[in-house]
Every structure is written in C-alpha cells, then in structure tokens.
Amino acid sequence: MSVLLHKEHGLNPTVNVCFFCNEDKGEVVLLGRAYKGKAPMRMITDYVPCEECQEKFSQGVLFIEVTRSPNTPDQPPLYRGDLYQSVPYPTGRYWVLSKDAVRRIIGNDSDTGQKILKKSKALIDPETAEQLGLYNESITKRETSKNNPDEPEPGSGSK
C-alpha cells in the first residue's frame, strides 16, 4: 500500500487509539495526504477493537450503542450501507452480557433474541438500551457480575 505524502508533513504519522477504551493499540498509522493538516500524536482511525477489548467482547454477547447520525463532526459510519439503508454511528457505549442475561432481558423465544445469541453481538440504539435497562447500573452489574466466572465483567465503555 502506498501513502501519498503530505506537502508539509510527509508521512504524517499518528498512533492508532482504540475507539472503545481510548488506549493506544501499538500501531503507527501513516496518514500522509489523507489527513488535512498535521496529524495529532494519537487518534482513532478505525473501529477495530484493541486486543484487550476484543478479549472482553468475546466473553459474552456484545451490544454496541449506535445512532443514525454522526456523534461528532466528520465521524465515519461503522460501515457503509447501500442507498436504502441508514448507517450506524457508534456512540462509544457498549455492554457485554452473558447469554443467560440476554435470554432474561430479551427473551429466548423471539427471533431477534435468537439472532443476537447466535451472532453474540448486536447494534442497539439509545432508546432500546434504555428500555432494556442497560443504562441502569445495578441491572448491568448484576447481569454481568464478575464474581461469577461464567459471566463477563461489566463492559460499559462510555466515553
């Protein structure tokens, strides 16, 4: 892959930061001309979780809160949709729940619940997160108790 050099800043490097935990990912990204002006020392360049977040996400069912419009100026969508599909923009909040917790909260019989359990992840809007009680810290902590090795730690990665 080639990098077009920035006229003033050359390779224009930055340290890639995890969107979910805001920690350095140990990667240097060469932005070159793709970034207008001098790149900051650290910045989020993608939505790929760092190794620590990926490990946390694999411990249960991941719910990522998203909105239908950018949360900050120039925020890219999580993925590109087609012409008729709106695209999600992550807010930075997420929850990792055990499969048992998902069954209790969403229900075991619904098609949606089955799909979420099968994929072990779901995008969720703020209104639905509130309806499910995910903003309620006592429910989230109870449902993701770290005292139970079968259930993951609370994963509210709010920014």
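A few remarks follow.
- Residue match in segment 6-18 (condition: in a helix (DSSP H, G or I), out of contact with any Cys (no Cβ under 6 Å at 6 or more places or on another chain), modelled with pLDDT of 95 or more and polar (S, T, N, Q)): no
- Boolean, residue 145 is assigned to a loop (DSSP other than H, G, I, E, B) and modelled with pLDDT under 90: yes
- Verdict on residue 113 being at positive phi, surrounded by 12 or more Cβ atoms within 10 Å (Cβ to Cβ) and at pLDDT 80 or above: no
Conditions (1) part of a strand (DSSP E or B); (2) at pLDDT below 90, marked per residue:
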{"site": "65", "(1), (2)": "yes, no"}
{"site": "79", "(1), (2)": "no, yes"}
{"site": "82", "(1), (2)": "no, yes"}
{"site": "86", "(1), (2)": "no, yes"}
{"site": "93", "(1), (2)": "yes, no"}
{"site": "100", "(1), (2)": "no, no"}
{"site": "105", "(1), (2)": "no, yes"}
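- The residue that is modelled with the highest pLDDT, counting only those in segment 23-41 that are surrounded by 14 or more Cβ atoms within 10 Å (Cβ to Cβ) and among the basic types (Lys, Arg), is 25.
The values are calculated or read from the model by the stated rules, or taken from the named source; none is laboratory data. Remember, predicted model here, so these are calculated numbers, not experimental data. As a convention, Cβ positions derive from the backbone with ideal geometry for all residues, glycine included, and neighbour counts pool all protein chains shown.
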